[in-house]
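Chemist: Mind looking over this structure? Questions follow.
The values are calculated or read from the model by the stated rules, or taken from the named source; none is laboratory data. Worth saying up front: this structure is predicted, and the values here are computed from it rather than measured. Using ideal geometry, Cβ is built from the backbone for each residue, glycine included, and neighbour counts are taken over all protein chains shown.
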């Protein structure tokens, strides 16, 4: 049962890792109209008519969102590596448990990042731009959160099941 749950958790964690990287790196967290032109922005830059520029203002919410997303990616990577290493010899149970904790932490960090971004976008940008919407990079971030939490729960359940099962007896009479 360890391999089934831990394998599923590792697979979900790998999918979450890919989605977190894509979400963090792409420029489509928000789309809006700017002076009649289509525009979009991500965590690192904004684009108007397909010409992209780095964010010129340093605002605390950008830095907080970036930091939490990068920490989420690192934590998810650690969880996936620990999940994969559980299939080798050694201390499988501890690796599965630690990987599960890292994946749940990754989901929590990404949740913080997206909550900050959502709050500031709705209160600040929502009033500044009339025709705006969240876009696919942002939505992928939410999907990654669900996958990271699911992966962590799978790995923690795998750990719980292996510690709850009695050890196989070495008695040759049975």
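Chemist: From the list 61, 28, exactly one residue is touching a helix residue (DSSP H, G or I) at 6+ places or on another chain (Cβ under 6 Å) and part of a loop (DSSP other than H, G, I, E, B). Which is it? Please lay out each step first, then the result.
Modeler: Values: 61 fails: part of a loop (DSSP other than H, G, I, E, B).
Result: 28 is the single residue among 61, 28 that is touching a helix residue (DSSP H, G or I) at 6+ places or on another chain (Cβ under 6 Å) and part of a loop (DSSP other than H, G, I, E, B).
Chemist: Sticking with this one: Within the range 1-22, is even one residue in contact with a helix residue (DSSP H, G or I) (Cβ under 6 Å, 6 or more places away or on another chain), farther than 23 Å from residue 104 by Cβ and in a loop (DSSP other than H, G, I, E, B)?
Modeler: No: the range 1-22 contains no residue that is in contact with a helix residue (DSSP H, G or I) (Cβ under 6 Å, 6 or more places away or on another chain), farther than 23 Å from residue 104 by Cβ and in a loop (DSSP other than H, G, I, E, B).
Chemist: Give the number of residues within the range 53-73 that are within 25 Å of the chain's Cα centre (by Cα) and modelled with pLDDT of 90 or more. Show your work before the answer.
Modeler: In the first step, residues of the range 53-73 are kept if they are within 25 Å of the chain's Cα centre (by Cα); the result is 54-55, 58-73.
Still in the running and modelled with pLDDT of 90 or more: 54, 63-73.
Of the residues in that region, 12 qualify.
Chemist: Exactly one of these conditions fails for residue 166: (1) modelled with pLDDT under 95; (2) more than 20 Å from residue 63 (Cα to Cα); (3) surrounded by 12 or more Cβ atoms within 10 Å (Cβ to Cβ). Give me its number.
Modeler: Checking residue 166 against (1) modelled with pLDDT under 95; (2) more than 20 Å from residue 63 (Cα to Cα); (3) surrounded by 12 or more Cβ atoms within 10 Å (Cβ to Cβ), the one that fails is (3).
Chemist: A follow-up question, please. Out of the residues in the range 4-26 meeting the condition of being surrounded by fewer than 17 Cβ atoms within 10 Å (Cβ to Cβ) and more than 17 Å from residue 81 (Cβ to Cβ), tell me which one is modelled with the lowest pLDDT.
Modeler: Filtering first and then ranking leaves 4.
Chemist: If you take the residues of the range 136-153 that are over 8 Å from the mean Cα position of the chain (by Cα) and buried (at least 24 other Cβ atoms within 10 Å of the Cβ), which of them is farthest from residue 28 (Cα to Cα)?
Modeler: 152
Chemist: Let me ask something else about it. Return the only residue of 156, 112, 105 being in contact with a helix residue (DSSP H, G or I) (Cβ under 8 Å, 6 or more places away or on another chain), assigned to a helix (DSSP H, G or I) and at pLDDT below 95. Don't jump to the end; show me each part of the working.
Modeler: Numbers: 112 fails: at pLDDT below 95; 105 fails: at pLDDT below 95.
Exactly one residue qualifies, and that residue is 156.
Chemist: Looking only at the range 74-97, filter to residues that are part of a helix (DSSP H, G or I) and more than 16 Å from residue 11 (Cα to Cα); which one of those is modelled with the highest pLDDT? Can you show your working first?
Modeler: Step one: of the range 74-97, the residues part of a helix (DSSP H, G or I) are 74-85, 92-97.
Narrowing the set further to residues that are more than 16 Å from residue 11 (Cα to Cα) leaves 74, 92-94.
On the way: 74: 99, 92: 72, 93: 80, 94: 85.
Among residues in the range 74-97 that are part of a helix (DSSP H, G or I) and more than 16 Å from residue 11 (Cα to Cα), the one modelled with the highest pLDDT is 74.
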